[in-house]
1. Summing +1 for each Lys or Arg and -1 for each Asp or Glu, what net charge is found among the other residues whose Cβ lies under 15 Å from the Cβ of H219?
2. How large is ³J(HN,Hα) for each residue in the stretch 194-210, as worked out from phi by the Karplus curve 6.51 cos²θ - 1.76 cosθ + 1.60 (θ = phi - 60°), to whole Hz, x for Gly and Pro?
3. Could you tell me what percent of the DSSP beta bridges with both partners in the chain are antiparallel, to the nearest 5?
4. Separation between the L211 and A32 pseudo-spin-labels, each 7 Å from Cα along Cα→Cβ, expressed in nm?
5. Among D256, D283, D137, which one shows the highest mean-square fluctuation when the chain is modelled as a Gaussian network with alpha-carbon springs under 10 Å?
6. Fewest to most neighbouring Cβ within 10 Å: what's the order for T74, T310?
7. Given the DSSP H assignment, sum -39500 (n - 2.57) over each helix run of at least 4 residues in the chain and divide by its residue total; what's the result at 222 nm in deg cm²/dmol, nearest 500?
8. Between the stretch 77-113 and the stretch 137-211, what is the separation of their alpha carbon centroids in Å?
Amino acid sequence: MHAAQQRLQIHLGAAAPGGRAVLIDNQRPVQAMRLLEGRTVSHALQIIPVVFSLCGHAQLAAACDALRHALPPTSAAQRGKLHRRVLIEIIREHLLQVHRDWPHLCDARPNAAHLGDIVRLTEAAATDPADLDTLIDWVSRNTLGLPPDEFLNFDTVESLRHWAQSTGAAAPRGLRSLWNAATSLRAVELPALESLLPERLREPLAADTTLQFVSQPTHNGVCLETGPTARHRKHALIRSTANHGLIARLAARLVDLCAALSALQRNEDAPALARVAGVGWVDSARGRLVHYAELDGQERIARYRILAPTEWNVHPRGLVAKLLAGIQADVPACVQRQARLVIQAIDPCVPATLHIAAQLLPTERTHA
């Protein structure tokens, strides 16, 4: 759905021995997925990228997989083309985070020309693979200060810190400014959704008549996390930074950016399909996105469910809640900055309004 139609209300209490009280009210209208029910498959595929416009290519890719048994056979080339658009979408989202949102966290003004370049160059690379080298060169010069493959070779927190302190491009500059605030936060790690086979979600999605599961999902009663950090948990750099507060999550975004660029260079095949009918999935910029579809006897959609990354990460007992509860600062400005950093690092796919206890700060609106 369009961001203007959605809200994420986050209430943060005062510091307490057991952690701050955190109340998350996710007002996303998950019932919007029911707009697809009763429609033909072809009509549903036309409107899904429009109704669910953020990461629209990821939404379309997951939908095509979920509905594949009602569609003409898809060639490897067709799946590869859509997978390429998903990777470009991931790259664009990560670049916008680094060049637009990280400066805001540092009370700096984003470079408007760079934001325009990101949109132009990613669209060009999506349209013509020959333009990929131009995009990679731009990222090397303006975002990382080195080639993406070199960043993927970082394997210690010391190598990351040295790069952040000695390089002037946007990502190291932003990480340098955020380092102290990020390392002062408590590290939190939940089981990764990415370690769960997508078909394991078929049963709870099929049984979810009230939309409770897609609103507040758990697996066997346990909250999971999803996104770049969960996706790259085995990468040496992410392992090395895992106990350094939020640094691993900021670094994982850059690892994911570089991995997506590398996958495009290698012309990587699309991921394998889920092994059960009616389930489709894709790894998007914010985490794993899962679609589930049932058809009636007339080949119209009888039931459709979309399980988005945000619902895992902003579960009332989930990742964002645990990270916010661990903020130990007692200086109001520090509490505010760290809370904003947490929300932006996890990057929910909706605008968030942050309410901090009256004895600390007035209400502030933050865009994630």
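Here, each number is a calculation from the coordinates, and none is a lab measurement. If you're wondering where the values come from, they're calculated on a predicted model, not measured in any experiment. A quick note on method: Cβ atoms are made from the backbone with ideal geometry, for glycine too, and the neighbour counts reach across all protein chains shown.
1. Within the 15 Å Cβ shell, the charges total -2.
2. Each residue's phi maps through the Karplus curve to give 4, 7, 9, 4, x, 5, 5, 8, 4, 4, x, 5, 5, 8, 7, 6, 9 Hz.
3. Counting DSSP beta bridges with both partners in the chain, the antiparallel share is about 80 percent.
4. Going by the 7 Å Cα→Cβ label model, 1.1 nm.
5. Of D256, D283, D137, the Gaussian network model singles out D137 as fluctuating most.
6. Ascending Cβ contact count within 10 Å gives the list T74, T310.
7. -13000 deg cm²/dmol
8. 13
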